[in-house]
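Could you have a look at this structure, given as structure tokens, before my questions?
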Amino acid sequence: SADSAMYRAKEQGRNNFQFFAPWMDSQVSNRLEMLISLRRALDQQEFKLFYQPKLSLKDGSIIGAEALIRWESPEQGMISPDRFIPFAEEAGLIVPIGEWVLRTACRQNKAWQDAGLPPVPVAVNLSPRQMNPALPDFVADVLAQSGLAAAWLELEITENVVMKDAEKTVAALHALKRLGLQISVDDFGTGYSSLSYLRRFPVDALKIDKSFVRDIARDADSAAIVKAVISLAHILNLRVIAEGVEDEEQHAFLKENGCDEVQGYYFGKPMTAADFTRRLGEEAGRLGEAR
Ligand code: C2E
Ligand code: MG
Ligand code: MG
Ligand code: MG
């Protein structure tokens, strides 16, 4: 109920990412409130992008950044995407929010490159609703306006995106690939896809879902699934990246089993653009010393 939600919210404090607000209730009035808040958030620029490093398992260098949205609400504090993206999708606001994310991430990446930092692709998450026939032209416009070369943009789609309308999705994905960007399948292993789409869809990488990575050391099935996905990716000539890596044991397992890339708290939490700038600066120093 709203009361208990409010109680939990108070208990957890306003800066907690797990903040559970009263408007999460399924009542119509609360949904309307949510819709109004999200609209305002878009107009008032209350959204922020955080960036999380992706690292190569060969040498530990930073080989990418994933852009992750946060909502800095004046009333509620920092709100994580799991709490509002589903509402934005339902309310039809995911398209304008997604456009803001894409524009901001491309501009930011171009700024890093212009500052002479080591160039890395920036990855942007796409909701199923964004996967429409207008998307390739929109992405092309954003790239042109930001001046970012397509090779430095990656789009993360989920298996469920792919399942929605296979024919239309294939066409859109091919149009996106023609721009020269990278496409990866996020949360791989959690969706309902068949293996056959992996052949038909022009994707470049698989991201092993963090639920499998989390249990690598404790659960033989998770370990077997991770190994199988790594093999599958390589057979299909795809890169494979593990998300949610939190400790050395998981890192060692992934490295031993030939995973290409890692991402997780063990290597760096999602951070502000300013913090990621510093991280890339340190990387530049490291590369300089290695030379
Ligand atoms: P995702 O794309 O699978 O992103 C990975 C999530 O795992 C992120 O949560 C990240 O902060 C978290 N994470 C990273 N490393 C670790 C780790 O070591 N341990 C654990 N436990 N978690 C880790 P976040 O930022 O809360 O985002 C949640 C989801 O919200 C994302 O999952 C993505 O599906 C969605 N999302 C985020 N930003 C956007 C966006 O701009 N647009 C859309 N459509 N969806 C977004
Ligand atoms: Mg993602
Ligand atoms: Mg993921
Ligand atoms: Mg995930």
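The values are calculated or read from the model by the stated rules, or taken from the named source; none is laboratory data. Since this is a predicted model, take the numbers as computed values, not measurements. Positions of Cβ are generated from backbone atoms using ideal geometry, with glycine treated the same way; all protein chains shown enter the neighbour counts. Heavy atoms of the whole protein, side chains included, go into the accessibility calculation; ligands, DNA and RNA do not. Shrake-Rupley method; radii C 1.70, N 1.55, O 1.52, S 1.80 Å.
Please give the charge dipole size of the chain, origin at the Cα centre, charges +1 on K and R Cβ atoms and -1 on D and E Cβ atoms. Round to the nearest 20 debye. Please report the intermediate quantities before stating the final value.
Details: 33 positive and 41 negative charges, 107 e Å.
Computed about the Cα centre, the dipole is about 520 debye.
With a/c under 1.5 counting as rounded, go ahead and sort the chain into rounded, prolate or oblate using the C-alpha gyration tensor (a ≥ b ≥ c being the square roots of the eigenvalues; past the cut-off, prolate if a/b is larger than b/c, else oblate). Could you put the intermediate results ahead of the total?
Numbers: a/c = 1.31, a/b = 1.28, b/c = 1.03.
Verdict is rounded for the chain.
Dipole size in debye (nearest 20) for segment 75-142 around its Cα centre, Lys and Arg Cβ +1, Asp and Glu Cβ -1? Each step should come with its number before you reach the end.
Values: 5 positive and 8 negative charges, 36 e Å.
Its charge dipole is roughly 180 debye.
Oh, and also: In square angstrom, what is the accessible area per residue of segment 249-291 with a 1.4 angstrom probe? Don't jump to the answer; show the numbers that get you there.
Values: 2480 Å² over 43 residues.
With the other protein chains kept in place, segment 249-291 gives 58 Å² per residue.
Next question. Pull out a ≥ b ≥ c, the square roots of the eigenvalues of the alpha-carbon gyration tensor of segment 155-288, then state rounded if a/c is under 1.5, prolate if not and a/b is larger than b/c, and oblate in the remaining case.
Values: a/c = 2.04, a/b = 1.23, b/c = 1.66.
Oblate shape, in that a/c is at least 1.5 and b/c is the bigger or equal ratio.
Among Ile183, Ala134, His251, whose Cα sits farthest toward the positive end of the charge dipole of the chain (+1 at Cβ of Lys/Arg, -1 at Cβ of Asp/Glu, about the Cα centre)?
Ala134
Output the antiparallel fraction of DSSP beta bridges having both residues in the chain, as a percent to the nearest 5. If you can, show how the numbers build up before the last one.
Values: 15 of 36 bridges.
Of those bridges, close to 40 percent are antiparallel.
Over segment 58-109, with every protein chain in place, what whole percent of the accessible area is carbon and sulfur at 1.4 Å, could you tell me?
Heavy-atom surface of segment 58-109 belonging to carbon and sulfur, 1.4 Å probe: 50 percent.
Could you list which residues have their amide H under 5 Å from that of Lys54, counting only those 5 or more apart in sequence or on another chain, with H placed in the peptide plane?
Those lying under 5 Å, H to H, from Lys54 are Ile63, Gly64, Ala65, Glu66.
Right, here's the next one. With N residues in segment 119-163, what two-decimal value do you get for its Cα radius of gyration over 2.2 N^0.38 Å?
Normalised Cα radius of gyration, segment 119-163: 1.21.
Projected onto the charge dipole of the chain (+1 at Lys/Arg Cβ, -1 at Asp/Glu Cβ, origin at the Cα centre), which of Val122, Ile36, Gly77 gives the Cα projection farthest towards the positive end?
Val122
If you restrict to DSSP beta bridges whose two residues both lie in segment 70-223, what percentage is antiparallel, to the nearest 5? If you can, show how the numbers build up before the last one.
Working: 3 of 15 bridges.
Among the beta bridges of segment 70-223, antiparallel pairing accounts for roughly 20 percent.
Summarise the accessible area of segment 110-256 (1.4 Å probe, protein heavy atoms) by the percent that is carbon and sulfur. Numbers along the way, then the final one.
Details: 3590 of 6840 Å².
Summing carbon and sulfur atoms, their accessible area is 52 percent of the total for segment 110-256.
Oh, and also: Below 8 Å, C-alpha to C-alpha, sequence gap of six or more: please give me the relative contact order for the chain in percent.
Relative contact order here is 17 percent.
What spacing in nm lies between the two simple spin-label points modelled at Gln145 and Gln113, each 7 Å away from Cα in the Cβ direction?
Taking the two extended label points, one gets 1.7 nm.
Over 21 Å between Cα atoms: which of Lys48/Lys210; Lys54/Lys207; Lys110/Lys207; Lys58/Lys227; Lys48/Lys110; Lys58/Lys177 fall into that group?
Lys48/Lys210; Lys110/Lys207; Lys58/Lys177
Further question: Over all alpha-carbon pairs in segment 53-97, figure out the percentage whose distance exceeds 17 Å. Show your work: numbers first, answer last.
Working: 516 of 990 pairs.
Distances greater than 17 Å cover 52 percent of the Cα pairs.
Something else about it: Which trypsin sites (Lys or Arg not before Pro) in segment 217-249 sit in a loop by DSSP (not H, G, I, E or B) and have at most 12 other Cβ atoms within 10 Å of their own Cβ? Walk me through the intermediate numbers first.
Values: sites: Arg218, Lys227, Arg239; in loops: Arg218.
Qualifying residues, ordered by number: Arg218.
What per residue convex hull volume, in Å³, comes out for segment 88-177 when only alpha-carbon positions are used?
Details: hull volume 7.7 nm³, N = 90.
For segment 88-177, the hull spanned by Cα atoms encloses 85 Å³ per residue.
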